[in-house]
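The next block holds one structure in the form of structure tokens; read it before the comments.
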Amino acid sequence: MNKQQLLINGAFVDPCTNAWYESFNPFTGKPWTLIPRAGKDDVDRAVAAAKSAFTYGSDWRKLTATARGALLRKLGDLISQNAARLAEIETTDNGKLFAEMRGQLTYIPQWFHYFGGLADKIEGRAIPIDKPGVLNYTREEPLGVVAAITAWNSPLMLATWKLAPALAAGNTVVWKPSEYSSASALAFGELFEQAGFPPGVVNIVTGFGNEVGEPLVTHPDVAKIAFTGGDKTGEHIYELAAKGIKRVTLELGGKSANIVFDDADMDEAVKGVVSGIFAATGQTCIAGSRALIQRKIHDEFVEKLLALAKNARMGDPLELTTQLGPVATRPQYDKILDYIRIAKQEGAACVLGGAAATRPECGSGWFVEPTVFTGVDPKMRIATEEVFGPVLSIIPFDEEEDAIRIANSTVFGLAAGVWTTSIRRAIMMPERLEAGTVWVNTYRAHSYMSPFGGYKRSGIGRESGIEAIREYLQTKSVWIDIAGNAQNPFVMR
Ligand code: TXE
């Protein structure tokens, strides 16, 4: 098997540990490549390279913001040229549909173009200060070395959401991809040199959370951590970051409600709810894992939903006709099956699926049948905890206020969907829902231009959009005396 290497200071190198681990193809359940199992010494090397690349007077710091932007746009073009190849690596590594990964890869360049364009529009302010004889202005400056730590479900897209604004703002980066999906990160790493980034501006260290992630988070020369992953890990990273007074952005998943009112276009809503939970095999942070259905239309809605969901084509994720691929990792597969057992024990009615998929087209892969529970109580674990799989909980409601109360009753607040033809509801519901993104009569729409992030336990900070670049900047206030008056040294000016 091919032994991959780390990207440190512009060169691909073996890990100091001299250790590798097998990465598995979820469709075959078999290992297909060897990923470096890096350790603390590798983290130290990578952070040192990133720190040196950030040092005042370095090739990176000497670039004008316009030149920095041009590099980012060049990188975007290179990603476009390599989109299909990178998407195939992602599908082989995490089992998500090639159609979905290729769609992401052809869209990812937009982030580099957008933030490349933003790089030279980061402006300070001249403040008409209240003191005579003084000029006061602000500078927006990069933070330094940013640690990007990402999850396996959309490996390059999650990293792009961090790298594009971090680099546009002038920072340098050490990126630790998920141990389950590092191959595409390392292939992506080759493009930085081709685009002309100076060595050390982007470094990639692969391996496990405790062996690589933790030394990275706690490294004294890391200024900020940008993380996507589970909420428990996010909480732990936040605690570690607090000790070093480091900045964080955390994107931690959710338990999003997809709310269907009785005035909705039923067929569109059915498609929206199906795409919310079964697209990407439910392995997205924005999965609409709770469908809140107004009681009057509940039975008809469920019937239509089951008709659509049960015909989802499962199989090889590389085939363009496949609609539901395998689960990305063995622990994730076990976790989903556990939650299905828990939901049954709690008394939810399983009306579709509810087991591992054993269809012949699923081979020896980690497949779970698309699963739907009805009669779910909002307090059940299946309705409050993130499953991260193709498991939908249907919860009936009577009045608008019930829908709002139930939707807001989880600790998460990443996203929500609303299906209605009422203009009043379309405007009022987004105001009342505690979520960072609300979709009305659509679901899973996203863009490099629109801020994305969580309320409550779904996270801190925003990715994408103009807001995102502020997460990678700090403001300096500069005071210049222009009066030349002697100052009384014993009083504040
Ligand atoms: O995530 P982890 P996992 C949810 C989903 C899933 C659960 C666990 O519910 O079932 O999280 O998934 C690194 N210090 N989401 O185990 O562990 C780790 O190596 C520093 C939601 O894959 O949070 C990886 O690179 N880093 C989600 C990254 O953190 C550490 C996406 C995420 O891993 C670390 C994926 C440590 N101590 C899963 N421990 C979303 N928000 O979209 C781990 N890591």
HN-Hα couplings for the range 351-368 via Karplus (6.51, -1.76, 1.60; θ = phi - 60°), in whole Hz with x for Gly/Pro, come out as 9, 8, x, x, 6, 5, 8, 10, 4, x, 5, 8, x, 9, x, 8, 10, 10
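In what sequence, highest mean first, do 481-490, 60-69 appear when ranked by Cβ atoms within 10 angstrom?
So the order, starting with the most tightly packed, is 60-69, 481-490.
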Once amide hydrogens are built 1.01 Å from N within the peptide plane, the residues lying 5 or more places from Val440 or on another chain with amide H under 5 Å from its amide H are Val418
For the range 257-440, what is the number of Lys pairs with C-alpha distance below 23 angstrom, counting only pairs 8 or more positions apart or on separate chains?
11
Which Cα, out of Gly459, Phe388, Ile297, lies furthest along the positive dipole direction of the chain (beta carbon charges, K/R +1, D/E -1)?
Gly459
When the Kirkwood hydrodynamic radius is evaluated over all pairs of different C-alpha atoms of the chain, what value in angstrom, to one decimal, is obtained?
23.8 Å
For Thr249, enumerate residues with amide H under 5 Å from its amide H, sequence gap 5+ or separate chain, H modeled in the peptide plane.
Ile225, Ala226, Phe227
What are the ³J(HN,Hα) values, in whole Hz, obtained from phi via the Karplus relation 6.51 cos²θ - 1.76 cosθ + 1.60 with θ = phi - 60°, for each residue of the range 187-192 in sequence order, with x given for Gly and Pro?
5, 5, x, 4, 6, 5
Lys, Arg +1 and Asp, Glu -1 on Cβ, resulting dipole of the range 60-204 about Cα centre, debye, nearest 20
400 debye
Estimated inter-spin distance, Met449 and Ser422, nm [label 7 Å along Cα→Cβ]
3.1 nm
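So what's the net charge close to Glu193: Lys and Arg +1, Asp and Glu -1, counting the other residues with Cβ under 15 Å from its Cβ? Please report the intermediate quantities before stating the final value.
Numbers: positive: Lys74; negative: Asp59, Asp77, Glu190.
Around Glu193, the surrounding residues sum to -2.
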What is the distance in Å between the Cα centroid of the range 50-94 and that of the range 179-244?
15 Å
Name the residues of the range 361-381 whose amide N is less than 19 Å from a point 7 angstrom out from the Cα of Arg295 along the C-beta direction?
374-380
Built amide H within the under 5 Å cut-off of Tyr21, gap 5+:
Ile35, Arg37
Can you tell me the orientation of helix 423-432 relative to the chain, as the angle in degrees between its alpha-carbon axis and the longest Cα principal axis, to the nearest 10?
60 degrees
Quick check on the chain: helices-only [θ] at 222 nm, where DSSP H runs of length 4 and up contribute -39,500 (n - 2.57) each and the sum goes over total residues. Nearest 500, please.
-11500 deg cm²/dmol
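Once the Cβ-Cβ distance between Leu320 and Glu361 is put in as r, and R0 is 22 Å, what FRET efficiency do you end up with, to the nearest 0.05?
0.95
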Where the chain is the region considered: accessible area per residue in Å², 1.4 Å probe
41 Å²
Note: probe point = Cα of Asn136 + 7 Å toward Cβ; backbone nitrogen < 14 Å; residues of the range 463-493 passing the test are 476-482, 492-493
Pairing the Cα long axis of helix 266-278 with the longest principal axis of the chain, what angle in degrees results, from 0 to 90 and rounded to the nearest 10?
60 degrees
So what's the net charge close to Ala241: Lys and Arg +1, Asp and Glu -1, counting the other residues with Cβ under 9 Å from its Cβ?
+3
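Give a quick list of trypsin sites (Lys or Arg not before Pro) in the range 114-211 that DSSP marks as loop, anything other than H, G, I, E or B, with at most 14 other Cβ atoms within 10 Å.
Arg125
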For the peptides 149-158, 83-92, what is the packing order when you average, over each peptide's residues, the other Cβ atoms within 10 Å and list the highest mean first?
149-158, 83-92
Which trypsin sites (Lys or Arg not before Pro) in the range 309-390 pass both tests, a DSSP loop state and at most 16 other beta-carbon atoms within 10 Å?
Lys310, Arg313, Lys379
In whole Å, what is the distance between the alpha-carbon centres of the range 408-450 and the range 347-391?
24 Å
Please give the residues of the range 271-296, grouped as numeric ranges, whose backbone N is less than 15 Å from a label point set 7 Å along the Cα-to-Cβ vector of Glu346.
289-292
Once neighbouring chains are kept in place and the probe is 1.4 Å, which whole percent of the accessible area of the chain is contributed by carbon and sulfur?
53 percent
Rounded to 0.05, the calculated FRET efficiency for the beta carbons of Asn210 and Ala65 at R₀ = 45 Å is 0.75
In whole angstrom, how far apart do the alpha carbon centroids of the range 1-33 and the range 110-143 sit?
41 Å
Treating the beta-carbon of each Lys and Arg as +1 and of each Asp and Glu as -1, no other charges, what is the dipole magnitude of the range 257-440 about its Cα centre, to the nearest 20 debye?
400 debye
Full-extension gain between Asp221 and Arg85, please, as 0.36 nm times their residue separation minus the C-alpha to C-alpha distance.
45.5 nm
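Which order, highest average first, do 29-37, 16-24, 200-208 follow once you tally other Cβ atoms within 10 Å for each residue and take the mean per peptide? Please list the in-between numbers first.
Working: 29-37: 18.0, 16-24: 16.0, 200-208: 26.3.
Sorting 29-37, 16-24, 200-208 by mean packing, highest first, produces 200-208, 29-37, 16-24.
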Helix 98-118 vs. the chain, principal-axis angle (Cα, 0 to 90°, nearest 10):
30 degrees
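The values are calculated or read from the model by the stated rules, or taken from the named source; none is laboratory data. In this text, all values refer to a predicted model and were calculated from it rather than measured experimentally. Note that each Cβ is placed from the backbone with ideal geometry, even for glycine, and that neighbours are counted across all protein chains shown. Protein only, heavy atoms only, side chains kept; ligands, DNA and RNA dropped before computing areas. Shrake-Rupley method; radii C 1.70, N 1.55, O 1.52, S 1.80 Å.
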